[in-house]
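*Asks:* Sharing a structure with you now.
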């Protein structure tokens, strides 16, 4: 099967490598407005491909996406270039929304023309409003974002460090926005069936302080990474590859990804069934009244961001008319 990656910056290139390592598909197509960069990344990845069976990597234009089962979109202005690395800024990644919506307005129609049956995975920040914009531009609902799967992994990692257990033994989830309004579901986080909050209370003299520290570390993990390396790439690349496998193998696995929810009138993350059509169904987890209120707030923030993007695209369209 064929997977396309549009955008060969830090995240797109890392995603290509993660796909090869997972042996997700037989053919990877790389597209970038900087054709020389796409060609260079493809060549570099081709040298890694012989270590896995029969994975081909090519760079070119959109017509190479014909027949693709999945197209992953990573193109756009990143957090460092877009000035979205201020921990005190409540907008966070949403500061990039309008600029990247304009980029998507050029990319998505080209992708759909070349691969009308493909599932579209939105990775570019902020992925939730951009998934909404992509749905409108694509004219179909086979669209989802990487959502809060990465945030959920970060939640588990930081809990495991505090509780001194293996990350695999932690069950914990983040829902809502992949951004500053995300909701960490403490009420249902468990270790071997035991509530995490009970274990924190039993093992730490100041459990509320630990909770605040974990929330801070998860919420601003991207900034901490960018301050050290210039780009957050490997975690999100691993997430994109895992979700690609779920789509191409029709796994119907339950993961917290971004999908449009009529109940909230926006794209946000909840546990969703990921398979060949993208996302088929959603199972909303139990929440406390406080968590529910936070999710409603996150939804409202995302709706406002999408509306801002739509308004900006309307202005661009009106300006382009003769």
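FYI, it's all coordinate maths here, none of it is from the lab. Here the structure is a predicted model, which is why all the values come from computation and not from measurement. Glycine gets a Cβ as well: all are built from the backbone with ideal geometry, and neighbour counts include every protein chain shown.
*Asks:* Taking the Cα centroid of the stretch 246-274 and of the stretch 172-205, what is the distance between the two, rounded to the nearest whole Å?
*Replies:* 21
*Asks:* Highest mean first, how do 104-111, 186-193 rank when packing is the count of other Cβ atoms within 10 Å averaged over residues?
*Replies:* The peptides rank, most packed first, as 104-111, 186-193.
*Asks:* Something else about it: Along its three principal axes, how long is the chain when you only count alpha carbons? Whole Å, largest extent first please.
*Replies:* So the three principal-axis extents are 61, 51, 37 Å.
*Asks:* Working out 0.36 nm times the residue gap between residue 212 and residue 87, then minus their Cα-Cα distance, what length gain in nm do you get to one decimal?
*Replies:* 43.5 nm
*Asks:* Same structure, new question: Taking all pairs of distinct Cα atoms, average 1/r, flip it, and tell me the Kirkwood hydrodynamic radius of the stretch 84-238 in Å to one decimal place.
*Replies:* One decimal place: 17.1 Å for the Kirkwood radius.
*Asks:* Test of understanding: what is the full-extension gain from residue 187 to residue 261, defined as 0.36 nm times their sequence separation minus their Cα-Cα distance?
*Replies:* Gain in length upon complete extension: 24.4 nm.
*Asks:* Oh, and also: Counting pairwise Cα distances across the stretch 100-151, what percent come out greater than 15 angstrom?
*Replies:* Summing the P(r) of the stretch 100-151 above 15 Å gives 38 percent of all pairs.
*Asks:* Once both axes come from the Cα atoms, what is the angle between helix 35-48 and the longest principal axis of the chain, in degrees from 0 to 90, rounded to 10?
*Replies:* The angle comes out near 70 degrees.
*Asks:* Moving to a separate point now. Measuring from label point to label point, each 7 Å out along Cα→Cβ, what is the residue 169 to residue 54 span in nm?
*Replies:* Placing both labels 7 Å along Cα→Cβ, they lie 4.2 nm apart.
*Asks:* Please work out how much length the chain gains when fully extended from residue 1 to residue 276, using 0.36 nm per residue of separation minus the C-alpha to C-alpha distance, in nm with one decimal.
*Replies:* Computed gain between residue 1 and residue 276 is 97.8 nm.
*Asks:* Specify the angular offset, from 0 to 90 degrees and rounded to the nearest 10, of the alpha carbon long axis of helix 97-114 from the longest principal axis of the alpha carbons in the chain.
*Replies:* Taking the Cα atoms of the chain, the angle to 97-114 is about 50 degrees.
*Asks:* Rounded to the nearest 0.05, what FRET efficiency do residue 180 and residue 22 have when you use their Cβ-Cβ distance and R0 = 25 Å?
*Replies:* According to the calculation, E is roughly 0.25.
*Asks:* Return the Rg/Rh value of the stretch 38-109, two decimal places, where both radii are evaluated on C-alpha atoms and Rh is the Kirkwood radius.
*Replies:* Rounded to two decimals, Rg/Rh equals 1.10.
*Asks:* Along the Cα-to-Cβ line of residue 161, 7 Å from the Cα, sits a label point; which residues in the stretch 217-244 have backbone N less than 18 Å from it?
*Replies:* Answer for this model: 217-236.
*Asks:* Jot down the radius of gyration and Dmax of the stretch 66-150, Cα atoms only, both in angstrom.
*Replies:* Here Rg and the maximum Cα pair distance are 13.1, 44 Å.
*Asks:* Going by alpha carbons, how many degrees (0 to 90, nearest 10) lie between the helix axis of 149-163 and the longest principal axis of the chain?
*Replies:* On a 0 to 90 degree scale, this one is about 30.
*Asks:* In whole Å and largest first, what semi-axes does the C-alpha gyration tensor of the stretch 1-89 yield when each eigenvalue is scaled by 5 and square-rooted?
*Replies:* Square roots of five times the eigenvalues give 25, 14, 12 Å.
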